[in-house]
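Enquirer: The structure's right below; bear with me while I get my questions together.
The values are calculated or read from the model by the stated rules, or taken from the named source; none is laboratory data. Just so it is clear, the structure is predicted and the values come from calculations on it, not from any experiment. Every residue, glycine as well, gets a Cβ built from its backbone with ideal geometry; the counts of neighbours run over all protein chains shown.
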Amino acid sequence: MQNEYRSGSCLCGELLFILKGEMKWCSNCHCTRCQKGHGSGYVTWIGYEKNQITIHDKSENLKWYSSSKNSEFGFCLGCGSSIFYKSKKVPSEIHITLANLDNSKDIFPSSDNYFDTHVSWVKIDKTLSKFNDPNL
Ligand SMILES: [Zn+2]
Ligand SMILES: [Zn+2]
């Protein structure tokens, strides 16, 4: 899978990114920061090594917001899409919202993280592994 190549963008298209090589993981995050930050019951994230991503940001739209003392959300100043996450606990990784890939139909999450704060109104896939704090 070394030749795997994926692209994605924010809503307005000013932030573009290319991912090269194999994805490390894909998980749903039910933490309250993802809920508030994305206006969503949960967010599906994919994990890559930072050296696998190339971000094209010609208008300097990428802004980082500190969502906790260890972590930051990366979002587009033009359209507000929140599409990146990084944490000091996993310094080599960047996390990307699955929905911002141009083509994500072959990727599926394997777990529900921060499941203790999941909302009651989202249907849960019982087959996925459940974790409360995965320490990210
Ligand atoms: Zn944008
Ligand atoms: Zn989260």
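Enquirer: What is the number of the single condition among (1) modelled with pLDDT of 95 or more; (2) within 12 Å of ligand 2 (Cβ to nearest atom) that Ser67 does not meet?
Expert: (1)
Enquirer: Moving on to the next point. Can we say Asp125 is more than 16 Å from Gly8 (Cα to Cα), within 16 Å of ligand 2 (Cβ to nearest atom), free of Cβ contacts under 8 Å to residues at least 24 places away in the same chain and among the acidic types (Asp, Glu)?
Expert: On the way: more than 16 Å from Gly8 (Cα to Cα): yes; within 16 Å of ligand 2 (Cβ to nearest atom): no; free of Cβ contacts under 8 Å to residues at least 24 places away in the same chain: yes; among the acidic types (Asp, Glu): yes.
So Asp125 fails the test.
Enquirer: Still on this structure, I have one more. Give the stretch 66-81 a look and list any residue that's touching a Ser or Thr at 6+ places or on another chain (Cβ under 8 Å) and surrounded by fewer than 21 Cβ atoms within 10 Å (Cβ to Cβ), or say none.
Expert: Asn70, Ser71, Glu72, Gly78
Enquirer: Follow-up question, since we're still on this one. Find all pairs meeting these conditions: Cβ atoms under 6 angstrom apart; at least six residues apart or on different chains; first residue within the stretch 33-61 and under 20 Å from Ile107 (Cα atoms) and of a type in the set (Lys, Arg); second residue away from ligand 1 (no atom under 16 Å from the Cβ) and in a strand (DSSP E or B).
Expert: Note: pairs meeting the criteria are Lys50/Ile94.
Enquirer: Here's a follow-up. Find all pairs meeting these conditions: Cβ atoms under 7 angstrom apart; at least six residues apart or on different chains; first residue within the stretch 97-113 and in contact (Cβ under 8 Å) with a residue 24 or more places away in the chain and more than 16 Å from Cys34 (Cα to Cα); second residue among the charged types (D, E, K, R) and more than 16 Å from ligand 2 (Cβ to nearest atom).
Expert: Leu101/Arg6
Enquirer: Would you say Gly13 is loosely packed, with under 14 Cβ neighbours inside 10 Å, over 26 Å from Tyr114 (Cα atoms), at pLDDT 95 or above and within 14 Å of ligand 1 (Cβ to nearest atom)?
Expert: Considered against the rule, which asks whether it is loosely packed, with under 14 Cβ neighbours inside 10 Å, over 26 Å from Tyr114 (Cα atoms), at pLDDT 95 or above and within 14 Å of ligand 1 (Cβ to nearest atom), Gly13 comes out as yes.
Enquirer: From Ile55, Ile107, which residue is in a strand (DSSP E or B) and away from ligand 2 (no atom under 16 Å from the Cβ)?
Expert: Sole residue among the options that is in a strand (DSSP E or B) and away from ligand 2 (no atom under 16 Å from the Cβ): Ile55.
Enquirer: In the list Lys36, Lys24, which residue meets the criterion of being touching a strand residue (DSSP E or B) at 6+ places or on another chain (Cβ under 7 Å), surrounded by fewer than 16 Cβ atoms within 10 Å (Cβ to Cβ) and within 27 Å of Thr117 (Cβ to Cβ)? Give the derivation first.
Expert: Values: Lys36 fails: touching a strand residue (DSSP E or B) at 6+ places or on another chain (Cβ under 7 Å).
It is Lys24.
Enquirer: Can you pull out every residue in the stretch 21-52 that is in a loop (DSSP other than H, G, I, E, B), small (Gly, Ala, Ser) and either within 16 Å of ligand 2 (Cβ to nearest atom) or closer than 16 Å to Lys130 by Cβ (or both)?
Expert: Within the stretch 21-52, Gly39, Ser40, Gly41 qualify.
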